[in-house]
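The structure appears right after this line, and notes come after that.
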Amino acid sequence: MGFYKNFELATYFIAHGTKEADRERLEQEIAFFEKHLHLDRVYLEPYRGGDFATEAQVRMVKEVFEAHGIRVAGGITSCAPQPEGTKKKARLFDTICYNDKAMTDRLSEAAALCGRVFDEFIIDDFFFTNCTCEDCRREKDAFNAEHGLTDGSWQNYRVAKLYQASKDFIVGPAKRENPDCRVIIKYPNWMESYQETGYDPASQKEIFDGIYTGTETRDPRHTDQHLPRYLSFSLMRYMEAMLPGGNGGGWFDPYDCPLVEQYLEQAYLTAFSKPRELMMFCFQSLYDNLCIPTLGFMLDKLDALLSHLGDSIGTPCYIPNASQGEDNIQDFLGMHGFPILPVPQFPENAKRVLLTASSAYDPDIMEKTERFVVAGGKAIVTPGFVKATLDRGLKGMTSIRDGGRRIRTDRFSTAERWDGVRDLMSEKPLEFSVLELRNNATWGALCKAVVEEESYSLLLRDTYGDGELVTLNLPDAFGQIKYLPERILMLMRREMSPEIYLEGGPQVSLFLYDNDTFVLYPYNDRFTQDQDMLLHIVGNVKLEDVESGHKFDPLYVTRGESVFSLRMHVGKWQAYRICRD
């Protein structure tokens, strides 16, 4: 590590800046960053779209950074303008058509330059393709016919095309210039769409020397990618599980962040995943930007915090490579106190597993699920998983059936009898699938949605072998999970993480680590407020604030749980150690 003990800090320098840089201005810009934080590395880009810096210019900029003790790697953004005199390509965002020789020759030239100048370079996440030109359509149709695919889809063709393009136009040209050059592929934050545009981490990890992860979540309400903010943490853990030890770091940016706190939050959540490197995109956008002094201040605090934390743990959510369905549901749950870690392999040895519609993409999912539950595991499943697997074997594990009906309500109840029998109210009406069950074969009274004289189960339990199948019936709009009554949220959280769980409102994430430490983070936006919450921990324990060292007793101990009262301040993490002595 460099200045920081627990991570290195990097920034990305785009090709236009490289092309236009002069020493005097560059020295001034570097001084701004050095005043506020400590850069370990810069990724210097010769090529992006219409900008292609000369090798001499690249070496000059590299020399200036190295004179400041900053290591320099390379970068390429593989998008391209329309070659002059050619027919316009049917593509979005200037992504490359890998059937266009002029475009691929230019890309190969950039990769070769990076191989000559750098010992490592990164491919920005515009490496994907969405071209539907005549050449691409003809080649796709031939590929599909050869492989017996009759639905006209693009996914398999594009995955194969990008696999070959990686070798022919990126890795090959670079390693011919420098056999020891490490080539890193950065994956974007939209994991559920990778294969449709050619990305495929499972196969591409054989080609590249490492991966990097996009953790930009920004303002989810007003950006196209509708990404829950928990993704800045969870995608890092998923990619680390995909290539253990090979995930270089997390990459975030200042765009579409109307609050500075939203920019900082990307850094916080990325850091909570225990990355090797934090990447700030990009140098040009961050120069003379308020984000940098505030981030520099918080990086020291993050570094100190990470010294206390072990390795991330939580309930694994099985998301097979190349799967889709109930996109990002695991991250919406993670936003509200469900400690979830997405994984690309079925977690055979876990105590619990979360299964979604994406999990059902595994053709052997029911065999794995049944074996897991029979052996004593708890499978927690979503409505999407139920619908996808009822006719694949799930009917043998539960009496739940989906008749296609839906309800809308703002009234809820639980099986608990406290203060008599009364309804719990949500802030606004929520919509659910009706998951019908056979009474006393499946127990569905734990949490219910109420409509007039009828109630509909939201938390359903089946015993099977030595284990359990638990179904969470969640709102159709995953962003509305936060409107569930606090008591409903608490009961669902307890199913996911019975050893430690929150009682209280939404918009607070719980990050767990294997050395009895944990972090609570209340999200900051225009609609959140400070709140008091109760934290339940199994056993008679105390808590220690890891930053101050202050120890304190529980508010009370009941039913084998220590219950603590904590005040959550929006945008401010709190970290604790569980003291079991």
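The values are calculated or read from the model by the stated rules, or taken from the named source; none is laboratory data. Treat the numbers as computed from the prediction; the structure is a model and nothing was measured. Every residue, glycine among them, receives a Cβ derived from its backbone with ideal geometry; neighbour counts consider all protein chains shown. Just so you know, the surface numbers come from the protein's heavy atoms only, side chains and all, with ligands and any DNA or RNA stripped out. Shrake-Rupley method; radii C 1.70, N 1.55, O 1.52, S 1.80 Å.
Going through (1) without any contact (Cβ under 8 Å) to a residue 60 or more places away in the chain; (2) in a helix (DSSP H, G or I); (3) farther than 22 Å from ALA322 by Cβ one by one, TYR157 falls short only on (3).
For the range 484-497, the criterion of being at pLDDT 95 or above, over 24 Å from ILE329 (Cα atoms) and of a type in the set (Gly, Ala, Ser) is met by no residue.
Restrict the check to the range 541-548 and report whether at least one residue is among the basic types (Lys, Arg) and touching a residue at least 24 places away in the same chain (Cβ under 8 Å). Scanning the range 541-548, I find at least one residue that is among the basic types (Lys, Arg) and touching a residue at least 24 places away in the same chain (Cβ under 8 Å), so the answer is yes. Considering each residue of the range 364-384 in turn, none proves to be open to solvent by less than 10 Å² (accessible area, probe 1.4 Å) and closer than 18 Å to ARG237 by Cα.
On the stretch given as the range 546-581, residues that are open to solvent by 40 Å² or more (accessible area, probe 1.4 Å) and in a strand (DSSP E or B) total 8.
This table checks each residue for (1) under 13 Å from the mean Cα position of the chain (by Cα); (2) in a strand (DSSP E or B); (3) of a type in the set (Lys, Arg).
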| site | (1), (2), (3) |
| --- | --- |
| HIS226 | yes, no, no |
| LEU235 | yes, no, no |
| PRO244 | no, no, no |
| GLU265 | no, no, no |
| THR270 | yes, no, no |
| LYS274 | no, no, yes |
| MET279 | no, yes, no |
| SER285 | no, no, no |
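Do we have any residue at all in the range 184-195 that's within 23 Å of the chain's Cα centre (by Cα), under 23 Å from GLU326 (Cα atoms), at pLDDT 95 or above and open to solvent by 20 Å² or more (accessible area, probe 1.4 Å)? Taking every residue of the range 184-195 in turn, none turns out to be within 23 Å of the chain's Cα centre (by Cα), under 23 Å from GLU326 (Cα atoms), at pLDDT 95 or above and open to solvent by 20 Å² or more (accessible area, probe 1.4 Å). Is it the case that the range 221-232 has a residue that's modelled with pLDDT under 95, among the acidic types (Asp, Glu) and in contact with a helix residue (DSSP H, G or I) (Cβ under 9 Å, 6 or more places away or on another chain)? No, because not a single residue in the range 221-232 is modelled with pLDDT under 95, among the acidic types (Asp, Glu) and in contact with a helix residue (DSSP H, G or I) (Cβ under 9 Å, 6 or more places away or on another chain). Out of ILE170, ILE207, which single residue is open to solvent by less than 10 Å² (accessible area, probe 1.4 Å), hydrophobic (A, V, I, L, M, F, W, C) and in contact (Cβ under 8 Å) with a residue 24 or more places away in the chain? Checking each option against the conditions leaves just ILE170. Does ASN178 meet the test of being within 25 Å of ARG48 (Cβ to Cβ) and crowded, with 16+ Cβ neighbours inside 10 Å? So ASN178 fits the description; yes.
Every residue, every condition in (1) basic (Lys, Arg); (2) modelled with pLDDT of 95 or more, yes or no:
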| residue | (1), (2) |
| --- | --- |
| HIS68 | no, yes |
| ARG71 | yes, yes |
| ILE76 | no, yes |
| ALA90 | no, no |
| ASP125 | no, no |
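If you filter the range 320-346 down to residues that are open to solvent by 10 Å² or more (accessible area, probe 1.4 Å) and of a type in the set (A, V, I, L, M), you find that the one that is nearest to TYR157 (Cα to Cα) is ALA322.
Would you call CYS114 hydrophobic (A, V, I, L, M, F, W, C) and open to solvent by less than 10 Å² (accessible area, probe 1.4 Å)? Here the answer is yes, as CYS114 does meet what is asked.
Whenever a residue of the range 395-422 is modelled with pLDDT of 95 or more, its partners that are assigned to a loop (DSSP other than H, G, I, E, B), lying with C-beta atoms within less than 7 angstrom and at least six residues away or across chains, give the pairs SER399/LEU437; SER399/ARG438; SER399/ALA441; ILE400/LEU437; ARG411/ASP423; PHE412/ASP423; PHE412/PRO485. Taking (1) part of a loop (DSSP other than H, G, I, E, B); (2) charged (D, E, K, R); (3) free of Cβ contacts under 8 Å to residues at least 40 places away in the same chain in turn, ARG91 satisfies each apart from (3). Among (1) open to solvent by 10 Å² or more (accessible area, probe 1.4 Å); (2) without any contact (Cβ under 8 Å) to a residue 60 or more places away in the chain; (3) within 26 Å of LEU37 (Cα to Cα), which single condition is GLU261 missing? Among (1) open to solvent by 10 Å² or more (accessible area, probe 1.4 Å); (2) without any contact (Cβ under 8 Å) to a residue 60 or more places away in the chain; (3) within 26 Å of LEU37 (Cα to Cα), GLU261 violates only (2). Taken over the range 537-564, residues that are under 22 Å from HIS308 (Cβ atoms) and touching a strand residue (DSSP E or B) at 6+ places or on another chain (Cβ under 9 Å) amount to 17.
Condition check ((1) among the hydrophobic types (A, V, I, L, M, F, W, C); (2) out of contact with any Leu (no Cβ under 7 Å at 6 or more places or on another chain)) across all residues:
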| site | (1), (2) |
| --- | --- |
| LEU459 | yes, no |
| THR463 | no, yes |
| GLU468 | no, yes |
| GLN480 | no, no |
| GLU486 | no, yes |
| SER497 | no, yes |
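Within this structure, THR442 passes the test of being over 15 Å from ILE407 (Cα atoms), touching a strand residue (DSSP E or B) at 6+ places or on another chain (Cβ under 7 Å) and either in contact (Cβ under 8 Å) with a residue 40 or more places away in the chain or open to solvent by 60 Å² or more (accessible area, probe 1.4 Å) (or both). Among the conditions (1) farther than 13 Å from GLN284 by Cβ; (2) surrounded by fewer than 13 Cβ atoms within 10 Å (Cβ to Cβ), GLN57 misses just one, which is (2). Given the criteria part of a strand (DSSP E or B), more than 18 Å from ARG580 (Cα to Cα) and touching a residue at least 40 places away in the same chain (Cβ under 8 Å), does LEU512 qualify? No, not satisfied. Scanning the range 534-552 for residues that are polar (S, T, N, Q) and at positive phi turns up nothing.
Just one residue in the set LYS274, LYS351 is in contact (Cβ under 8 Å) with a residue 12 or more places away in the chain and either buried (at least 20 other Cβ atoms within 10 Å of the Cβ) or over 16 Å from SER234 (Cα atoms) (or both); that residue is LYS351. Note on the range 271-315: among residues that are among the β-branched types (Val, Ile, Thr) and touching a His at 6+ places or on another chain (Cβ under 9 Å), the one that is nearest to GLY248 (Cα to Cα) is ILE292. When we screen LEU295, LEU259, LEU290 for residues that are closer than 26 Å to LEU512 by Cα and of a type outside the set (Lys, Arg), the only hit is LEU295.
Screening LEU435, LEU458 for residues that are among the hydrophobic types (A, V, I, L, M, F, W, C), farther than 18 Å from GLU486 by Cβ and either in contact with a Cys (Cβ under 7 Å, 6 or more places away or on another chain) or modelled with pLDDT of 95 or more (or both) leaves exactly one candidate, LEU435.
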